[in-house]
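Asker: One structure, as structure tokens, below. Some questions next.
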Amino acid sequence: MLIKLPKASDCHESDVTPESFYLFRRSLLGGALAGIAASSLPRWASANDASRYADVEAGKAPSWFTGKLPDTKWQAVTVTGEAITPFKDATHYNNFYEFGTGKGDPATNAGSLQTEPWSVVIDGEVAKPGRYALEDFMKPYQLEERIYRLRCVEAWSMVIPWIGFPISSLLKQVEPTSKAKYIRFETLQDPKSMPGQRSSFGLIDWPYVEGLRLDEAMNPLAILAVGMYGRELPNQNGAPLRLVVPWKYGFKSVKSIVRISLVSEQPKTTWQSIAADEYGFYANVNPTVDHPRWTQARERRLPSGLFSPNVRETQMFNGYSDEVASLYTNLDLRKNY
Ligand SMILES: Nc1nc2c(c(=O)[nH]1)N[C@H]1C(S)=C(S)[C@@H](COP(=O)(O)O)O[C@H]1N2
Ligand SMILES: [Mo]
């Protein structure tokens with residue numbers, strides 16, 4: 001976010017949407033594409049994997065993930081009329097400062113992140129705290145595909161097909177007490193595998209922390225993701241577990257989560273600590289409230305180039321007003337940016 005933006009252009013080019021970037025139509029997919037015996041599965045369960053999208057690199061999915069994948073509710077939420085960002089862009093243009101501040105650094109460096117074994121701590125104001133191996137943590141949840149816009153505070157955006165489950169389902173499991181008012185998420189701290197945490201880039205007080213009000217976390221759009229593009233999360237996108245809150249700027253969507261705490265006070269978040277006048281706790285996408293150093297009225301939809309900047313108008317709550325505006329009826333969004 002400590003970046004120089006190209007001068008925002010006023011042009012509104014209609015998006016070019018190469019066919020290959022769209023979801024493959026389900027009717028085109030046979031079991032053969034999935035590399036599995038289609039006859040052993042119900043028809044609707046075949047080929048529900050990375051072959052749904054063009055040019056997806058195969059990963060090394062853990063068995064708990066591949067075991068759950070056939071039962072995924074595909075396209076549980078989607079965007080219409082907007083192209084899905086190519087996998088290559090979504091995985092090579094990243095913000096993950098633990099692996100460097102350049103957009104290509106996470107793809108280059110995140111291979112050092114060990115995602116297996118992985119454990120998640122649930123603590124704070126809950127009836128059922130605990131420390132879980134990720135495969136046990138995931139047991140209760142059915143996976144859903146959520147195709148969401150992702151709008152970075154730096155004024156670029158993508159459309160990403162996530163795989164995850166609603167945070168409301170997690171909260172049902174762990175039973176917040178009446179004192180729980182916020183939920184706080186913490187990224188792994190491991191300087192051995194995260195070069196950004198050992199560099200002299202001393203601005204950030206690791207680990208990366210984010211948070212939501214409890215009613216925001218309960219909103220059906222708020223998910224914890226374990227996959228994208230029909231496969232498990234690539235490390236640079238926050239494997240093995242990350243937050244996705246599509247109506248907020250991307251920095252709220254904290255990656256590689258190891259601790260989830262229910263708390264009574266508003267948590268102090270990483271970007272607030274760095275520059276409270278630029279990055280607020282709420283961070284709702286809002287085209288009418290500019291960042292002190294640039295406009296938030298428009299965004300570059302990736303892929304974006306010099307000759308096809310692919311600029312579009314930013315929408316209130318990133319286009320999710322119908323679902324989330326009611327959370328903020330009593331809040332001054334100019335003060336609570
Ligand atoms: N731990 C951690 N989480 C993070 C970040 C980070 O630097 N560290 N960057 C955030 C920002 S600014 C954005 S835009 C999104 C980017 O997610 P993506 O790389 O999957 O597109 O991750 C967010 N989550
Ligand atoms: Mo961002």
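The values are calculated or read from the model by the stated rules, or taken from the named source; none is laboratory data. It should be emphasised that the depicted structure is a prediction, and the values quoted were computed from it without experimental measurement. In this analysis, Cβ positions are derived from the backbone assuming ideal geometry, glycine residues included, and neighbour counts consider all displayed protein chains. Ligands, DNA and RNA are excluded from the accessible area calculation, which covers all protein heavy atoms including side chains. Shrake-Rupley method; radii C 1.70, N 1.55, O 1.52, S 1.80 Å.
Asker: Within segment 235-250, restricting attention to residues that are open to solvent by 10 Å² or more (accessible area, probe 1.4 Å) and touching a Pro at 6+ places or on another chain (Cβ under 9 Å), which residue is farthest from ligand 1 (Cβ to nearest atom)?
Answerer: Of everything passing the filter in segment 235-250, 240 is farthest from ligand 1 (Cβ to nearest atom).
Asker: While we're here: Name the pairs whose Cβ atoms lie under 6 Å apart, with the first residue in segment 225-237 and touching a residue at least 40 places away in the same chain (Cβ under 8 Å), the second open to solvent by less than 20 Å² (accessible area, probe 1.4 Å) and among the small types (Gly, Ala, Ser), and 6 or more positions between them or separate chains?
Answerer: 225/164; 226/164; 235/110; 236/110
Asker: Give all pairs with beta carbons closer than 8 Å in which a residue from segment 211-223 that is under 21 Å from residue 138 (Cα atoms) meets a residue that is open to solvent by 20 Å² or more (accessible area, probe 1.4 Å) and assigned to a loop (DSSP other than H, G, I, E, B); count only pairs at least 6 apart in sequence or on separate chains.
Answerer: 211/266; 214/181
Asker: Regarding segment 306-315, can at least one residue be identified that is loosely packed, with under 14 Cβ neighbours inside 10 Å and without any contact (Cβ under 8 Å) to a residue 60 or more places away in the chain?
Answerer: There is at least one residue in segment 306-315 that is loosely packed, with under 14 Cβ neighbours inside 10 Å and without any contact (Cβ under 8 Å) to a residue 60 or more places away in the chain.
Asker: Pull up segment 79-120, narrow it to residues that are assigned to a helix (DSSP H, G or I) and hydrophobic (A, V, I, L, M, F, W, C), then point me to the one that is nearest to ligand 1 (Cβ to nearest atom).
Answerer: Checked segment 79-120; the qualifying residue nearest to ligand 1 (Cβ to nearest atom) is 90.
Asker: What number of residues in segment 157-188 are open to solvent by 10 Å² or more (accessible area, probe 1.4 Å) and within 26 Å of residue 278 (Cα to Cα)?
Answerer: So the count comes out to 5.
Asker: Given (1) out of contact with any Pro (no Cβ under 9 Å at 6 or more places or on another chain); (2) surrounded by 21 or more Cβ atoms within 10 Å (Cβ to Cβ); (3) not basic (Lys, Arg), where does residue 222 come up short, assuming only one miss?
Answerer: Every condition holds for residue 222 apart from (1).
Asker: Out of the residues in segment 197-217 meeting the condition of being among the small types (Gly, Ala, Ser) and open to solvent by 10 Å² or more (accessible area, probe 1.4 Å), tell me which one is modelled with the lowest pLDDT.
Answerer: That would be 200.
Asker: Okay, next question. From the list 129, 191, exactly one residue is open to solvent by 40 Å² or more (accessible area, probe 1.4 Å), within 16 Å of ligand 1 (Cβ to nearest atom) and more than 13 Å from the chain's Cα centre (by Cα). Which is it? Before the answer, list the steps.
Answerer: Details: 129 fails: within 16 Å of ligand 1 (Cβ to nearest atom).
Only one candidate qualifies: 191.
Asker: Residues of segment 251-267 being near ligand 1 (Cβ under 9 Å from one of its atoms) and either crowded, with 23+ Cβ neighbours inside 10 Å or more than 10 Å from the chain's Cα centre (by Cα) (or both), which ones?
Answerer: Scanning segment 251-267 gives 252, 253, 254, 255, 256, 257.
Asker: Can you name every residue in segment 107-134 that is touching a helix residue (DSSP H, G or I) at 6+ places or on another chain (Cβ under 8 Å) and of a type in the set (Phe, Trp, Tyr)?
Answerer: 118 - this is the single residue of segment 107-134 that is touching a helix residue (DSSP H, G or I) at 6+ places or on another chain (Cβ under 8 Å) and of a type in the set (Phe, Trp, Tyr).
Asker: Being open to solvent by less than 20 Å² (accessible area, probe 1.4 Å), more than 14 Å from residue 212 (Cα to Cα) and not in a helix (DSSP H, G or I) narrows it down to one residue among 286, 318; which is it? Steps first, answer last, please.
Answerer: Details: 318 fails: not in a helix (DSSP H, G or I).
Just a single option satisfies the conditions, and that option is 286.
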